[in-house]
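Note sheet for the following structure.
Bear in mind these aren't lab numbers, they're just calculated from the coordinates by the rules spelled out. None of the values given here were measured: they were computed from a predicted structure. Reconstructed Cβ throughout: ideal geometry from the backbone, glycine too, with neighbour counts over all protein chains shown.
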Amino acid sequence: MQSFPAFFPLDGRRVAIIGEGWQADAKARLFDPAPAMVTRFSAPPKAEELKGFALAFVATEDAGERLAAVEAARVAGVPVNVVDQPALSDFYTPAIIDRGELVVGVSTSGAAPTLARDLRTRIEAIIPSAYATLAGFARSIRARVLASRGDFESRRRAWEEILRGGAGERALAGDLDGAQALADRVLANETVAAGVVHLVGAGPGDPDLLTLRALRLLSDADIVFHDRLVDPRILDMIRRDAERVFVGKAKGDHAVPQRDIEALMIAEARKGRRVVRLKGGDPFIFGRGGEELEALRAAGVEAHVVPGITAALGCAAEAGVPLTHRDHAQAVTFVTGHAKHGDEPDLDWNALAREKHTLVVYMGVETAPKVAARLIEAGRAASTPALVIENGTTPRVKRVQGTLATLAARIVEEGVSGPAILIIGEVAALAEVATRLEEAAA
Ligand SMILES: C[S@@+](CC[C@H](N)C(=O)[O-])C[C@H]1O[C@@H](n2cnc3c(N)ncnc32)[C@H](O)[C@@H]1O
């Protein structure tokens with residue numbers, strides 16, 4: 001260890017910034033959200049002027065001024081940092097992640113600040129901003145935890161139960177009253193079997209499209225129920241010792257019936273476990289997330305929904321197809337092509353056949369011939385561009401272009417079996433442009 005990380009309390013402390021220009025401004029900005037009192041000096045102050053300061057930063061181009069400022073700080077006994085001059089500094093300024101009470105500093109001991117900043121960006125991505133609320137909540141109950149638990153070991157256990165259990169979850173969700181109530185029960189030695197279920201959208205495939213919240217919940221879960229459509233690279237992000245239960249549903253082949261999935265989640269939450277129900281795309285778009293949420297709430301189980309990028313948005317973005325466009329589409333509709341009864345979906349074809357309107361059909365590979373025929377019958381031009389995207393945002397992606405007239409035949413020719421979406425409308429032709437641009441760039 002080349003340098004020792006330590007944290008200076010800022011509440012009511014004075015910080016000196018010596019120098020002018022953007023570097024001095026940048027140092028001053030570090031303290032914008034802090035309770036410190038910042039004093040700016042345009043020229044080196046005298047040692048007496050620095051007495052009582054907690055920290056001093058020197059950011060001046062002039063070497064003579066720099067040395068004078070360092071000298072003054074040393075005489076005044078104030079630790080000093082000189083921008084870009086580690087040899088003159090008593091301490092280094094780390095790359096900082098500021099979450100209120102929770103502060104993370106990354107330092108390369110002055111060797112390569114850019115490396116520290118890159119690392120900060122990565123760490124920042126895994127520490128949600130809600131941690132500031134969690135840390136503030138921890139501070140608010142600190143005195144009570146100390147008072148109610150005599151020894152270090154039982155305090156540690158109480159903190160774990162509060163912060164990793166339901167109270168922590170509620171604080172992260174911004175429900176401080178709920179968090180407080182659960183923490184009270186832990187401190188009163190009541191058993192708190194307050195499990196929770198998160199219905200989490202895994203996006204269409206590419207793990208980079210997961211939300212930060214989904215990532216955090218996967219690395220925190222006790223048990224994960226997942227679907228067939230969740231990409232294996234996303235399953236790799238689940239906490240190693242979490243239990244995984246495949247409840248996948250292939251078309252017409254319900255591995256675990258819906259009611260059983262709901263009952264399993266309820267039973268696990270009632271044991272006090274952190275349950276994640278991981279679903280492809282977004283849980284509320286053709287994902288039965290609504291039914292699951294209703295069942296959980298009816299059973300009195302705490303449940304939250306984490307949105308995911310739905311297949312239409314992920315696949316269209318990847319293909320360079322804007323689903324709405326000033327010139328080509330003033331609206332977009334997502335429909336299911338699944339035929340609940342008979343061999344065609346029960347949809348309002350007249351409404352869907354409107355021009356300058358994009359239609360995205362989920363689960364529509366099998367019923368594509370009927371969908372195309374009904375739209376043409378209802379007045380949509382047979383020449384309307386159509387695009388099929390199979391396994392979008394995964395390495396197995398396949399895109400097939402055609403028109404409403406050729407859609408069904410193209411699906412058969414290209415051997416598309418799904419999962420795939422159909423994009424029907426003028427914007428579908430723009431995929432060709434995007435592909436040509438990609439090819440030209442390659
Ligand atoms: C039961 S629905 C679930 C939709 C999901 N909740 C969502 O928001 O994307 C399954 C259908 O979503 C579409 N789908 C899901 N992932 C896809 C992908 N990577 N590429 C193309 N279509 C996909 C297909 O139409 C598939 O049949």
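Take the Cα of Lys51, step 7 Å toward its Cβ, do the same at Leu88, and the gap between the two points is 2.5 nm.
Where both bridge residues fall in the chain, DSSP classifies roughly 40% of the beta bridges as antiparallel.
Multiplying the residue separation of Asp343 and Ser417 by 0.36 nm and subtracting their alpha-carbon distance yields 24.9 nm.
How big is the charge dipole of the stretch 377-436 about its Cα centre, in debye rounded to the nearest 20, if each Lys and Arg gets +1 on its Cβ and each Asp and Glu gets -1 on its Cβ? It would help to have the intermediate numbers written out before the result.
Working: 6 positive and 6 negative charges, 35 e Å.
Its charge dipole is roughly 160 debye.
Structure remark: mean-square fluctuation, Gaussian network model of the chain, C-alpha springs under 10 Å; the largest value among Pro79, Pro307, Pro369 belongs to Pro79. Using a simple spin-label model with pseudo-atoms 7 Å out from Cα toward Cβ, Arg270 and Arg354 lie 4.7 nm apart.
Can you show me the helix-derived [θ] at 222 nm for the chain, built from DSSP H runs with n ≥ 4 at -39,500 (n - 2.57) apiece and divided by the number of residues, rounded to the nearest 500. Don't skip to the end; give the middle numbers.
Details: 17 runs with 167 residues, N = 442.
When only DSSP H runs of four or more count, the value is -11000 deg cm²/dmol.
Expressed as a rounded percentage, what relative contact order does the stretch 196-309 have, with Cα pairs under 8 Å and six or more residues apart? The value is 44 percent. According to the calculation over all Cα-Cα pairs in the chain, the P(r) per 10 Å bin from zero is 4, 16, 20, 18, 17, 14, 8, 3, 1 %.
Magnitude of the charge dipole for the chain, about its Cα centre and with charges confined to Cβ atoms of Lys, Arg (+1) and Asp, Glu (-1), is about 880 debye.
Of the lysine pairs in the chain, how many meet both conditions: Cα atoms under 16 Å apart, and a spacing of 8 or more in sequence or different chains?
Working: Lys249/Lys279; Lys249/Lys340; Lys251/Lys279; Lys251/Lys340; Lys340/Lys370.
Step by step, the pairs that qualify in the chain add up to 5.
Helix 258-270 axis versus longest C-alpha principal axis of the chain: approximately 20°, rounded to the nearest ten.
Gain in length, Asp62 to Ser148, computed as 0.36 nm per residue apart minus the alpha-carbon separation, to one decimal in nm?
On the way: separation 86, 0.36 × 86 = 30.96 nm, distance 5.65 nm.
Working it through step by step, the gained length comes to 25.3 nm.
When both the stretch 304-366 and the stretch 40-102 are represented by their alpha-carbon centers, they are found 59 Å apart.
Spatial offset of the stretch 144-170 relative to the stretch 259-278 amounts to 25 Å, using the alpha carbon center of each. Between helix 289-298 and the chain there is an angle of about 70 degrees, using the helix long axis and the longest principal axis of the Cα atoms.
Within the stretch 303-434, antiparallel bridges make up roughly 75 percent of the DSSP beta bridges whose residues both belong there.
Using a 10 Å cut-off on Cβ atoms, rank the peptides 277-284, 66-73 from the highest mean neighbour count down.
Numbers: 277-284: 25.9, 66-73: 20.2.
Final packing ranking: 277-284, 66-73.
Angle of helix 176-187 to the longest C-alpha principal axis of the chain, folded into 0 to 90 degrees and rounded to 10: 70°. For the stretch 196-309, the Cβ-based charge dipole about the Cα centre amounts to some 160 debye (Lys, Arg positive; Asp, Glu negative; other atoms uncharged).
Can you tell me the length gained on complete extension of the stretch Leu102 to Gln330, counting 0.36 nm per residue apart and subtracting the Cα distance?
Numbers: separation 228, 0.36 × 228 = 82.08 nm, distance 4.54 nm.
Using 0.36 nm per residue and subtracting the Cα-Cα distance, I get 77.5 nm.
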